[in-house]
Amino acid sequence: MVVPNKDPKQSPKPANAKSRQAPKRPRKPASAVPEPMGIINPNAAGIDVHSDNHVVCVPADRDPERVRTFGANTADLHEIAAWLKKCGVTTVAMESTGVYWIPLFELLESEGFQVHLVEPGQLSRCGARPKTDVLDAQWIQRLHSYGLLRGSFRPPDSVLALRAYWRQRQMQVCCAASHVQHMQKALEQMNVKLTEVVSDITGLTGMSIIDAILAGRRDPMKMAELRHERCHKSVAEIARALEGTWRPEHIFELRQARALYYFHHQQITECDEQIRLELTKLVNRAGTKGLTGKPRRRGRKSNDIRFDAKFPLLQALGVDLTKIEGIDVGTAMAILAETGGDMSGFPTEKHWASWLGLCPRQHESNGTKRRTRRKGRHRLAIALRTAARSVGRTMTPLGHFYRRIRSRIGGLGAVKATAHKLARLVYQMLKYGEEYVKTSMEDYAAKMEENLLRSLKRKALAMGYELAPLRT
């Protein structure tokens, strides 16, 4: 006979009740109080840079008024340096705001301070906070005192002048290119189809015809006879394209565009002369090395450097970067101007590629990798991407690599991957002084076949098979 329980709360538990209960987790030991972060740079100051004023913050024990606002004139910059010396500051961190930081950076560096130029992203990634100029200066000083800010790469003073002239030259090239488009627009408005019969209107044939138009000549056949002998189009085809409407306002526009194009090329010539003088001031790293190998067969372009810079580049860099497929004198000059040829600021190839922006950015949250775009465009990365596009059209191992990657991920990915490979080759040559050894297509094909065979064997072994050659 079964007697029911009087108290339902005391009802017997089933036999498997323990199995349904969640196991008790062991108690976590009381977490120790984290140690406070130590100050690495006790003599650190922070500066928030603006166009018309600079907000400077020093350690709290150096001055009762630790945050001061100064003007941006030269006299104000000297006051900043004097106050920092009075407060015993030895290292300074400042945010890279436009070009407003350059005068203050150069002055403080000449006064003996250790100056760190900080990317703005480093300051915004350290947590949310109120935003004022005074608080920004205090935040920069605090982060720098704890050693949490990393200074940006800046080439030595001996290269800064060369970099300034080279960047000025690149700007003049861009301005000249814009006026080429203006000439094309004026010709199209006159219905002169010169761009359809001439590959480059700034070449010998194109500029001869444009000069004839501005000189008042209107006979299409006589202007077509100005074509160069190597021009692919015949005289009759060019003459048919030169039948225009000749409105005076369009001719005026063409005349001004051509004058501005010539003016900017005169400026480019002046920049090249300054670059040549700066190259003579650099230290000779090549020693007694000389140029080896046959020169490349390539016609001179209108934007090429107007002096023989190959040997001065060899002396300044210590190695001949033009031996690498796709890298010409202009790309090697960009590498020298932007880095000075010194790779000591980049511990590994990965640091170098990350600085150039030629590798994917790491942005992972909760196991999910997100795609992010890097702000700004690196001048040297643009030069290497251009070199990658040119090497993709060659029958070389690097060209085959470009085409192989393009078949998998497309043209943009292939350009970036090939530029990354070029950057690694440049790093190896500049870092260790190694000479570039060209690989033949036969050796490259044999290496690709060996890699493919190794991959097939690994896949077959994973599926329980063994790969064996066919019997002949």
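When the helices in the chain are scored as -39500 (n - 2.57) per DSSP H run of 4 or longer and the sum is shared across all residues, what 222 nm value do you end up with, to the nearest 500 deg cm²/dmol?
About -16000 deg cm²/dmol.
Could you work out how far helix 74-86 tilts from the main Cα principal axis of the chain, as a 0 to 90 degree angle to the nearest 10?
30
At R0 = 45 Å, how high is the FRET efficiency between PHE153 and THR269 if r is their beta carbon distance? Nearest 0.05 is fine. Don't skip to the end; give the middle numbers.
Details: r = 31 Å, r/R0 = 0.68.
Once rounded, the FRET efficiency stands at 0.90.
In the stretch 211-307, how does Rg compare with the Kirkwood Rh, expressed as the Rg/Rh ratio over alpha carbon atoms? Intermediate values should be presented prior to the final figure.
On the way: Rg = 21.0 Å, Rh = 17.9 Å.
Ratio of gyration radius to Kirkwood radius: 1.17.
Carbon and sulfur atoms: what percent of the 1.4 Å accessible area of the chain do they account for? Don't jump to the answer; show the numbers that get you there.
Values: 15910 of 30060 Å².
Exposed carbon and sulfur together represent 53 percent of the surface.
Using the per-residue mean of other Cβ atoms lying within 10 Å as a proxy for protection, in what order, highest first, do the peptides 343-353, 211-221, 454-464, 83-93 fall? Please report the intermediate quantities before stating the final value.
Values: 343-353: 15.3, 211-221: 13.7, 454-464: 10.0, 83-93: 18.6.
Highest mean packing first, the order is 83-93, 343-353, 211-221, 454-464.
Between 0 and 90 degrees, rounded to the nearest ten: what's the tilt of helix 157-189 against the longest Cα principal axis of the chain?
Its long axis makes an angle of about 60 degrees.
Using the structure shown, list the pairs from LYS350/LYS438; LYS233/LYS438; LYS310/LYS438; LYS185/LYS310; LYS281/LYS421 with a Cα-Cα distance above 28 Å, or answer none.
Details: LYS350/LYS438 23 Å; LYS233/LYS438 38 Å; LYS310/LYS438 19 Å; LYS185/LYS310 37 Å; LYS281/LYS421 31 Å.
Where the Cα-Cα span goes over 28 Å, the pairs concerned are LYS233/LYS438; LYS185/LYS310; LYS281/LYS421.
Probe 1.4 Å, all protein chains in place: accessible area of ARG167 in Å², nearest 10?
We get 80 Å² for ARG167.
DSSP beta bridges in the stretch 53-208, what fraction antiparallel, as a percent rounded to 5? Mind dumping the intermediate values first?
Working: 5 of 10 bridges.
DSSP beta bridges in the stretch 53-208 are roughly 50 percent antiparallel.
How are the alpha carbon pair distances in the chain distributed across 20 Å bins from zero to the largest one, expressed in percent?
All Cα pairs considered, the percentages come to 16, 36, 30, 12, 4, 1, 0.
Enumerate the amide H contacts of THR91 below 5 Å, restricted to partners 5 or more residues apart or on another chain; note that Pro and chain-start residues carry no placed amide H.
ALA45, GLN114
Rolling a 1.4 angstrom probe over the protein heavy atoms, how many square angstrom per residue are accessible across the stretch 31-144? All intermediate terms of the calculation are to be shown ahead of the outcome.
On the way: 6040 Å² over 114 residues.
Value for the stretch 31-144: 53 Å² per residue.
Once the Cα atoms of helix 379-391 and of the chain are each reduced to a long axis, what angle between those two axes, in degrees from 0 to 90 to the nearest 10, is obtained?
Approximately 70 degrees, to the nearest ten.
How much accessible area per residue does the stretch 221-309 have, counting only protein heavy atoms and a probe of 1.4 Å, in square angstrom? Before the final figure, lay out each step's value.
Values: 6410 Å² over 89 residues.
I get 72 Å² per residue for this part.
The values are calculated or read from the model by the stated rules, or taken from the named source; none is laboratory data. Quick caveat: nothing in here was measured; it's all calculated off a predicted structure. Neighbour counts are summed over all protein chains in view; Cβ atoms, including those assigned to glycine, are modelled from backbone coordinates with ideal geometry. These accessible areas exclude ligands, DNA and RNA; they are computed on the full protein's heavy atoms, side chains included. Shrake-Rupley method; radii C 1.70, N 1.55, O 1.52, S 1.80 Å.
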